[in-house]
Amino acid sequence: MLRILGAVLAISAATAAVAQVHYYEDGRPWRPRARGGPDQVVPGWYYNLGVTGLRVELVADALTHLVVRHVFAGSPAAGKVEVGDHIVGAGGKRFVEPHRNGYGMKVFGPDGPILDFAEALDKALGSDGDQRGRLAVSLLREGDELEVDLQLPAEHGTYAESFPADCDKTDALR
């Protein structure tokens, strides 16, 4: 019995260590605000979910969620996604890998929901026909699960495999 308990604790500790984003008692890294540009109205330094108009936080007690902290008025998410919603999936796929974002040799880049969301967003922007620019987003809101469709501006398509070089979208956005 002790061996099983030890194994469970070891797995739990390993999962928490892998998923760690620095969470400090003073609110870093989420509380500082941008001093200029459109993000100066956002209440903290949150992840930008591109053309959706969403800014999200990664939280320690929901490792496969993106917690909405700001929705820009007039954006594709306005009126559909609310501050406090938990994004639990995108593009018809639920997030399953815990977030593991940071800097350094062991953790560099956006593994987990941020990467999954970015891939779903890029796919939606490059889709053909009636799916072009449409992103299904799965949410938890006050304990209820719901899905909303965001209609995105898709005129620039997706990034090229060679991004940022030889990329029509990069050139158009510059």
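Throughout, read-outs are computed from the coordinates displayed, never taken from laboratory work. Since the model is a prediction, treat every value here as computed from it, not as a measurement. Glycine also receives a Cβ, built like all others from the backbone with ideal geometry; neighbour counts cover every protein chain displayed.
First measure r as the distance between the Cβ atoms of Asp171 and Glu82, then evaluate 1/(1 + (r/R0)^6) with R0 = 45 Å and state the FRET efficiency to the nearest 0.05.
Values: r = 35 Å, r/R0 = 0.79.
Computed FRET efficiency for Asp171 and Glu82 comes out at 0.80.
Using only Cα atoms, what Kirkwood radius does the stretch 19-76 have, in angstroms? 12.1 Å is the Kirkwood radius here.
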